[in-house]
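Starting off with a structure, shown below.
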Amino acid sequence: MRGKSPIPPSLVFGSLMMLTFVFIGIFGGMLAPHPPLEQSLRYRLLPPGATTPQGQFYLLGTDQLGRDLLSRMLVGARVSLMIGFFSVVLAGLVGTLLGLWAGFSGGIASQIYMRLIDFQMSLPFVLLALAIVGIFGPGLWKVVIALTAWGWVSYGRLAKAITESLREREFIIAARSIGATRRQLLFRHILPNVAPPLIVLASVQVGRMIIAGAGLEFLGLGVPPPAPSWGAILAEGRTYMRDAWWIVTLPGLAILFVAFGANFLGDGLRQLIDPRRLH
């Protein structure tokens, strides 16, 4: 019998990338070399690596208002971290609970649930986000609500499919025969078997949610200015792409970095829990 395979390289690489992002998201405000909201029109659109006559160094340059781009990106990482984390947690919670209920109930409940999913998937994401922001107004938590309303379907479909495949298994029938309640069957016996693939899905969804959140911020539906966020920095800098490429390119690369990290992490977790690794 062969020993266990080593930890997948993609898991190590993805974990390091995401831990870097989390560290910056938590401590970015302390690491910022300049106040992120401080304006200096005299030094607007300075290129990366520029130094002023007063000795102020701007590693990533300045934006159209003379604000330090590095500081704004470091502080803005917290917004992206919160959007990615809370939207994944809430969407996963809603989708998992509904999927467990529909998959275990079957019958008319399952049919109603699938029609709800079909309706949800037929709605364009931007239209759904506009409706939510139109009702509640722009802001961080409104973006999280919009992403939750959009993202729960992926968890719900997966949880329902796995629950349906488990509800007639021998260990469920045995637990039911000794008097296990519906809640015990769902949360003590079925949920532990549903959780691993949902965790893999959640790790991938972090990057997807951050990209979607940045898209909403780009459209002006996210955190109100002047608070920095990666999507808002992209939106503000698109007018200056020709003369100041760094305002758009660097936040875009940061979003790409996080998306790749989340995908590597998800792929590594998928390989780690693959039963074939144990044979």
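Considering only region 41-48, I want to know if a residue exists there that is outside any loop (DSSP other than H, G, I, E, B), among the charged types (D, E, K, R) and surrounded by fewer than 15 Cβ atoms within 10 Å (Cβ to Cβ).
Yes, some residue in region 41-48 is outside any loop (DSSP other than H, G, I, E, B), among the charged types (D, E, K, R) and surrounded by fewer than 15 Cβ atoms within 10 Å (Cβ to Cβ).
Something else now. Does at least one position in region 99-114 carry a residue that is surrounded by 21 or more Cβ atoms within 10 Å (Cβ to Cβ), among the hydrophobic types (A, V, I, L, M, F, W, C) and part of a helix (DSSP H, G or I)?
Yes.
Let me ask you something else. What are the residue pairs meeting all of these: first residue in region 152-168, first residue within 15 Å of Arg208 (Cβ to Cβ), second residue surrounded by 21 or more Cβ atoms within 10 Å (Cβ to Cβ) and not acidic (Asp, Glu), Cβ atoms under 6 Å, and 6 or more apart or on different chains?
That search, which allows pairs on different chains as well, returns Trp152/Ala91; Trp152/Gly95; Tyr155/Gly92; Tyr155/Gly95; Tyr155/Thr96.
Tally up the residues in region 99-112 that are touching a Gly at 6+ places or on another chain (Cβ under 7 Å) and farther than 16 Å from Ser165 by Cα, please.
The number of residues fulfilling the criteria is 0.
One residue is enough: does region 264-271 have a residue meeting the conditions of a type outside the set (S, T, N, Q), modelled with pLDDT of 90 or more and closer than 25 Å to Leu16 by Cβ?
yes
Restricting to region 1-52, what's the tally of residues that are basic (Lys, Arg) and under 25 Å from Val248 (Cβ atoms)?
2
Pick out the one residue from Ala174, Ala232, Ala202, Ala149 that is surrounded by fewer than 18 Cβ atoms within 10 Å (Cβ to Cβ) and assigned to a helix (DSSP H, G or I).
Sole residue among the options that is surrounded by fewer than 18 Cβ atoms within 10 Å (Cβ to Cβ) and assigned to a helix (DSSP H, G or I): Ala174.
The values are calculated or read from the model by the stated rules, or taken from the named source; none is laboratory data. Here the structure is a predicted model, which is why all the values come from computation and not from measurement. In this analysis, Cβ positions are derived from the backbone assuming ideal geometry, glycine residues included, and neighbour counts consider all displayed protein chains.
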